[in-house]
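The values are calculated or read from the model by the stated rules, or taken from the named source; none is laboratory data. Quick caveat: nothing in here was measured; it's all calculated off a predicted structure. Every residue, glycine as well, gets a Cβ built from its backbone with ideal geometry; the counts of neighbours run over all protein chains shown. Note: accessible area is taken over every heavy atom of the protein model, side chains too, but ligands, DNA and RNA are not part of it. Shrake-Rupley method; radii C 1.70, N 1.55, O 1.52, S 1.80 Å.
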Amino acid sequence: MGTRCRFSLLFLLFLIGATAMEAQNVNYDNVSIGNSGPAYGVKIKNNFPGFTGGFAREFALTDGTGSTPYIALGSYGSTTNGVNTLNYSYIGKDYAAPYMSFATNGDINIRYRLTVYGTILTSRVKVAVPSSANWNWADYVFDKGYKLKSLPEVEAYIKANKHLEGMPTTEDVKRDGLDIAPVTAKLLEKIEELTLHMIEMKKVTDRLQEENSGMKAKILKLEGNKKK
């Protein structure tokens, strides 16, 4: 390697090192990079003295013109006379179209579909019912006008279709997966129908026991009369 090449390489390394050292101590009005203290990294200060209105601060990747956002990480809130109030932080195209938002109380809201290839570990799952849902919770089974299918009708359907009426088949689940909320409602419907059948069977059983007790009493009475 010639002397000129070595000098050029050393000069380039010097420039890189000087730039890195300078970057570690930048502290402009609204941007801090690598300052000393307990927290390091890059900080964008939400600094609008005397301003009142909404704000959004973010790191964003856009197209070549800067007009079409691809993905952004930022925060959105309001400012009153320079005092900031955070509404939420977000990941998404921009503050108005977040894929995921993080509320100040720690709640995480996911606006779009989530695909997880693996196991989800949670202590609780709560499913909200949207107003547009085309299914209802199954308490309608206990309405007076509900037509409860007889057990022979249920048996006939099972023999013909190999599954309970209204429940997804094996092929359905393999093809479309399992929608927890409506399927849970359908399962409750079947449980409530079975409960009604069991109540009716209990009435029949009680009536048969009463009739059986009456017949036994009559038989005992007849046997007693014969002995006399």
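Please work out if Gly166 is surrounded by 10 or more Cβ atoms within 10 Å (Cβ to Cβ) and part of a loop (DSSP other than H, G, I, E, B).
Numbers: surrounded by 10 or more Cβ atoms within 10 Å (Cβ to Cβ): yes; part of a loop (DSSP other than H, G, I, E, B): yes.
Yes; evaluated as a whole, the condition is true for this residue.
Quick check on the stretch 107-117: of everything there that is within 19 Å of Ala128 (Cα to Cα) and not aliphatic (A, V, I, L, M), which residue is most open to solvent (accessible area, probe 1.4 Å)?
So, considering only residues that are within 19 Å of Ala128 (Cα to Cα) and not aliphatic (A, V, I, L, M), the one most open to solvent (accessible area, probe 1.4 Å) is Arg113.
Collect the residues in the stretch 59-70 that are open to solvent by less than 70 Å² (accessible area, probe 1.4 Å), part of a strand (DSSP E or B) and either under 10 Å from Asp94 (Cα atoms) or among the charged types (D, E, K, R) (or both), keeping them in residue-number order.
Of the stretch 59-70, the ones open to solvent by less than 70 Å² (accessible area, probe 1.4 Å) are 60, 62-63, 66, 68-69.
Going one step further and asking which of them are part of a strand (DSSP E or B), we end up with 60, 62, 69.
Answer for the stretch 59-70, where residues must be open to solvent by less than 70 Å² (accessible area, probe 1.4 Å), part of a strand (DSSP E or B) and either under 10 Å from Asp94 (Cα atoms) or among the charged types (D, E, K, R) (or both): Ala60, Pro69.
Output the number of the condition that His197 fails; it satisfies all remaining conditions of (1) over 25 Å from Ala133 (Cβ atoms); (2) exposed (fewer than 13 other Cβ atoms within 10 Å of the Cβ).
The failed condition is (2).
Taking into account only those residues within the stretch 82-98 that are outside any strand (DSSP E or B) and open to solvent by less than 70 Å² (accessible area, probe 1.4 Å), which is farthest from Pro49 (Cα to Cα)? Break it down into steps so the answer makes sense when it comes.
Residues of the stretch 82-98 outside any strand (DSSP E or B): 82, 93-97.
Next, only the ones that are open to solvent by less than 70 Å² (accessible area, probe 1.4 Å) stay: 82, 94, 97.
Details: Gly82: 5, Asp94: 24, Ala97: 27 Å.
Residue satisfying both the conditions and the ranking: Ala97.
Taking Arg175, is it basic (Lys, Arg) and closer than 30 Å to Asp143 by Cα?
Working: basic (Lys, Arg): yes; closer than 30 Å to Asp143 by Cα: no.
Considered against the rule, which asks whether it is basic (Lys, Arg) and closer than 30 Å to Asp143 by Cα, Arg175 comes out as no.
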